[in-house]
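Every read-out reported here was derived from the displayed coordinates using simple, explicitly stated rules and does not represent laboratory data. Since the structure is predicted, the reported quantities are computational estimates derived from the model, not experimental observations. Methodologically, a virtual Cβ is constructed for each residue, glycine included, from the backbone with ideal geometry; neighbour enumeration extends over all protein chains shown.
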Amino acid sequence: MLVFGEENQGGFVWSLRLTLDGPGADPTVWFRECDESAIAEQEPLSGFLLQFSLFEASMGADYVAHSLQLTARQTDRLTEDLLPVPLRPFWPAAPTRFYTAPGLVLHVTDEGGDNGFGAWAGATHRSALTPLADAVEWEHFDG
């Protein structure tokens with residue numbers, strides 16, 4: 001396996017399986033947490049890289065909002081006016097879906113359980129967060 005991505009605290013890695021023929025045109029990405037067995041990401045490398053970029057855009061934006069204990073109903077309300085990114089869930093450990101609007105990227109992570117959803121929005125300007133202000137109770141909101 002060729003590790004090409006590592007979580008900043010060393011908790012998990014992403015890698016590609018190398019063969020004598022190389023990794024292929026659009027290879028499977030493998031996720032491995034600590035010493036667990038590797039699990040295939042649902043998207044091949046091309047889709048994975050789009051998802052990874054969206055994840056980083058939402059997490060690293062200048063203006064963010066996050067709430068980490070949402071119900072399914074709350075996440076539905078939060079995302080109803082956003083455009084879903086048409087890819088299968090990212091990150092096998094906690095399936096994550098992406099939504100966009102002009103100047104905004106939001107990801108919703110399913111951690112399981114009754115209040116098992118987390119949402120994190122990143123925006124290029126605080127006004128892009130404004131439509132989300134009353135959708136849920138935010139733990140942090142830069143809008």
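With no solvent and one point per C-alpha, what does the Debye sum give as log10 I(q)/I(0) for the chain at q = 0.10, 0.13, 0.16, 0.21 Å⁻¹?
Per q value, in the given order, log10 I(q)/I(0) is -0.37, -0.60, -0.86, -1.27.
Quick one: check the C-alpha center-to-center distance for the stretch 1-60 versus the stretch 73-127, whole angstrom.
Computed from Cα coordinates, the inter-centre distance equals 20 Å.
Find how much the distance from E139 to D81 grows on full extension, using 0.36 nm per residue of separation minus their present alpha carbon separation; answer in nm with one decimal.
Details: separation 58, 0.36 × 58 = 20.88 nm, distance 2.09 nm.
Working it through step by step, the gained length comes to 18.8 nm.
Using a 10 Å cut-off around each Cβ, can you sort V29, V108, V13 from fewest to most neighbouring Cβ atoms? Provide the component values of the computation, followed by the final result.
Values: V29 27, V108 24, V13 17.
Listed from fewest to most nearby Cβ atoms, that is V13, V108, V29.
Calculate, in nm to one decimal, what S127 and A72 gain on full extension: separation in residues at 0.36 nm each, minus their alpha carbon distance.
Working: separation 55, 0.36 × 55 = 19.80 nm, distance 2.56 nm.
Once the chain is fully extended between S127 and A72, it gains 17.2 nm.
Calculate, for C34 and N115, the FRET efficiency according to 1/(1 + (r/R0)^6) with r their C-beta to C-beta distance and R0 25 Å; round to the nearest 0.05. All intermediate terms of the calculation are to be shown ahead of the outcome.
Numbers: r = 25 Å, r/R0 = 1.01.
The value I calculate is 0.50.
So what is the 222 nm mean residue ellipticity for the chain from helices alone, if each DSSP H run of at least 4 adds -39500 (n - 2.57) and you divide by all residues, rounding to the nearest 500 deg cm²/dmol? Mind dumping the intermediate values first?
On the way: 2 runs with 23 residues, N = 143.
Helix contribution divided over all residues of the chain: -5000 deg cm²/dmol.
Find which of A93, Q74, A25 sits farthest along the positive direction of the dipole of the stretch 2-141, computed with +1 on the beta-carbon of Lys and Arg, -1 on that of Asp and Glu, about the Cα centre.
Result: A25.
Magnitude of the Cβ-charge dipole of the chain, K/R +1 and D/E -1, about the Cα centre, nearest 20 debye? Don't skip to the end; give the middle numbers.
Numbers: 7 positive and 21 negative charges, 56 e Å.
Dipole of the chain, to the nearest 20 debye: 260 debye.
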